[in-house]
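**Student:** Take a look at this one; I'll ask things after.
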Amino acid sequence: MTQKLYIQTNGCQMNEYDSDKMRDILLDSHAMEITLAPENADVLLLNTCSIREKAQEKVFSAIGRWRKLKQKNPKIIIGVGGCVASQEGAAIQKRAPYVDIVFGPQTLHRLPALLDQARTTHKKVVDISFPEIEKFDALPEPRAEGVKAFVSVMEGCSKYCTYCVVPYTRGEEISRPLNDVVDEIIALAKQGVREINLLGQNVNAYCGEMEDGALASFALLLHCVASIGGIDRLRFTTSHPLEFTDDLIEAFAEIPELVNHLHLPVQSGSNDVLARMKRDYSREDYLVKLEKLKVIRPNISLSSDFIVGFPDESDEEFEETMSLIEAVEFDFSYSFIYSPRPGTPAAEFNDNISMEIKKQRLSRLKMRLNEMTQNFSNAMIGSTQTILVEGESKKNALQMTGRTENNRVVNFTGHPRLKGQFVDILITEALPNSLRGRMVETSLNTIK
Ligand code: SAH
Ligand code: SF4
Ligand code: F3S
């Protein structure tokens, strides 16, 4: 009988990409099939995130539920992968002895062997090493699902911001060779993919080897990907302001496939906080880069991540974040209360700011960011937006759904054959989580 696989994914898009690869690998090696019901699974995998304490807490509550399934059927295999696995290793099995396999973000391609090992030896298996780029060499042909796809182009991070676990969980920055990335995207394009989101924790630090041994910059990678037939929309996440170089800014002038949206996390508007975070740029550096970009793309939608309540963040320092968001007018941004992570330098910093104050600041920041997002949506009413049609709307089968360049969901009346096409939509209404619109008569002439 076909073995069933259940995967739960927490964390960032890189984890989502990795989970898809786990599915593909086990489908190839053990002819497994995905199930959406954990109680039907033979193998249960949890792909974890440790970026903040709350994310990490999710691990033991999820596998605690799976434990009951294993009590009923001891043959079930439970595996924990991702960033918590990478940091905690065998400690996970000390706390939860019913976990059979612990594997890291860089060893997921070894899952078939780890699974066989767990089944034959009945012993706990741990492999959280960083075997460099081996993972990508061992991946099966990519399988497209729909008209958009994520593609990881580099792993890890060498920035070591003082608050962040990523360099410890994913290792130092390492880029895939240019041709590997291009081949993967050509294979996706052949399956109908039209939009690619290039992924990396620090994606613009990409520096991949080319056939002649020279190294390709991220801007060059963008040019190569944009020239692939069928790929007409290009995004990337997440870029670091320090490496947001002039040639990358120039790419926005040269590559029409690059969307009119950029996620460039600033974290704080205060130079002192930025220094304590070890971000290696100032508020002014950040603003200058955005100004340069706006010369090329005046209407670009900009989003960011913010950390509120970094150790000893004063009222004045927080106000500098508030004034920065007024200066930039961000669209659709994320903000978090600082969460001390064991093993990071900031976890040792003095912090005299109470949680109550941090929460008040977060809610003020969030409220203002939400208003700005809503203003952006409202300003889109009456404009014509090109959307990539993803399929039928879940709520109403007569409606089609897709996304604008700045990632707004748009629902409109249209034919199912529009799936996978770019159409022009006149936006007529802005709801809190989506937009409504109607097709512009000449819409189909935008199909590339
Ligand atoms: N590499 C990206 C972001 C990676 S993590 C960058 O440097 O911008 C995603 C977001 O989580 C970060 O942008 C940051 O805002 C948040 N984050 C990371 N560590 C955190 C911590 N210890 N506490 C709270 N938020 C954190
Ligand atoms: Fe973490 Fe991003 Fe800093 Fe890297 S650049 S350490 S991923 S916050
Ligand atoms: Fe979380 Fe790891 Fe991604 S810590 S945000 S899953 S890189």
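The values are calculated or read from the model by the stated rules, or taken from the named source; none is laboratory data. This structure is a prediction, so every number in the text was calculated from the model and none was measured. When we count neighbours, we look across all protein chains shown, and the Cβ atoms used for this are built from the backbone with ideal geometry, even at glycine. Only protein heavy atoms, including side chains, enter the accessible area calculation; ligands, DNA and RNA are left aside. Shrake-Rupley method; radii C 1.70, N 1.55, O 1.52, S 1.80 Å.
**Student:** Grab the DSSP H runs of the chain that are 4 residues or longer, score each as -39,500 (n - 2.57), total them, divide by all residues and round the 222 nm result to the nearest 500 deg cm²/dmol.
**Tutor:** Taking each H run of at least 4 residues, the total per residue is -11000 deg cm²/dmol.
**Student:** How many percent of the alpha carbon pairs in region 341-448 exceed a separation of 25 Å?
**Tutor:** The proportion of pairs with Cα distances above 25 Å equals 41 percent.
**Student:** Same structure, new question: Can you give the convex hull volume of the alpha carbon atoms of region 198-274 per residue, in Å³?
**Tutor:** 109 Å³
**Student:** Just round it to a whole percent: the fraction of Cα-Cα distances in the chain exceeding 32 Å.
**Tutor:** When all Cα pairs of the chain are counted, 44 percent exceed 32 Å.
**Student:** Residues with amide H under 5 Å of residue 197's amide H, sequence separation 5 or more or different chain, H placed in the peptide plane at 1.01 Å from N; which?
**Tutor:** 149, 150, 151, 235
**Student:** On the accessible surface of the chain, probed at 1.4 Å, how many percent belong to carbon and sulfur atoms?
**Tutor:** The value for the chain is 51 percent carbon and sulfur by accessible area.
**Student:** Here's another thing I want to ask about it. Please give the residues of region 382-398, grouped as numeric ranges, whose backbone N is less than 16 Å from a label point set 7 Å along the Cα-to-Cβ vector of residue 440.
**Tutor:** Zone members listed by number: 382-389.
**Student:** When the convex hull of the Cα atoms of region 292-357 is projected onto a plane and the area is averaged over all directions, what value comes out in nm²?
**Tutor:** 5.9 nm²
**Student:** Continuing with this model, one more query. Write down Rg/Rh for region 238-375, rounded to two decimals, with Rg from the C-alpha atoms and Rh from the Kirkwood relation over Cα pairs.
**Tutor:** Result: Rg/Rh = 0.99.
**Student:** Restricting attention to region 96-153, which GluC sites (Glu not before Pro) occupy a DSSP loop and are surrounded by at most 15 other Cβ atoms within 10 Å?
**Tutor:** 132, 145
**Student:** Out of 277, 414, 220, whose Cα points farthest toward the positive end of the dipole of the chain (charges: +1 Lys, Arg; -1 Asp, Glu; placed on Cβ)?
**Tutor:** 414
**Student:** Then there's this: About the Cα centre of the chain, how large is the charge dipole given +1 on each Lys and Arg Cβ and -1 on each Asp and Glu Cβ? Please answer in debye to the nearest 20.
**Tutor:** Computed charge dipole of the chain: roughly 2220 debye.
**Student:** Mind running the shape call on region 1-156? Use the C-alpha gyration tensor, a ≥ b ≥ c as the square roots of the eigenvalues: rounded below 1.5 for a/c, prolate if a/b tops b/c, oblate otherwise.
**Tutor:** rounded
**Student:** Relative to the present Cα-Cα distance, how much length would full extension add between residue 278 and residue 296 at 0.36 nm per residue of separation?
**Tutor:** Value of the extension gain: 3.6 nm.
**Student:** Related question: Using only the alpha carbons, work out the radius of gyration and Dmax of region 208-250 in angstrom.
**Tutor:** Cα only, region 208-250: 11.7, 32 Å (Rg, Dmax).
**Student:** For region 110-257, just say rounded, prolate or oblate: build the C-alpha gyration tensor, square-root its eigenvalues into a ≥ b ≥ c, call rounded for a/c under 1.5, and beyond that prolate if a/b exceeds b/c, oblate if not.
**Tutor:** The shape class here is oblate.
**Student:** Hey, what do the phi angles of region 387-396 turn into as Karplus ³J(HN,Hα) couplings, whole Hz, using 6.51/-1.76/1.60 and θ = phi - 60°, x for Gly and Pro?
**Tutor:** With coefficients 6.51, -1.76 and 1.60, one gets 10, 8, 6, 9, x, 6, 5, 5, 7, 9 Hz.
**Student:** Ok, one more. Name the residue farthest towards the positive end of the dipole of region 9-85 from the options 37, 22, 74, assuming +1 on Cβ of Lys and Arg, -1 on Cβ of Asp and Glu, about the Cα centre.
**Tutor:** Working it through, the farthest residue towards the positive pole turns out to be 74.
**Student:** Once amide H atoms are built 1.01 Å from N in the peptide plane, which residues 5 or more positions from residue 332, or in another chain, come under 5 Å H to H?
**Tutor:** 373
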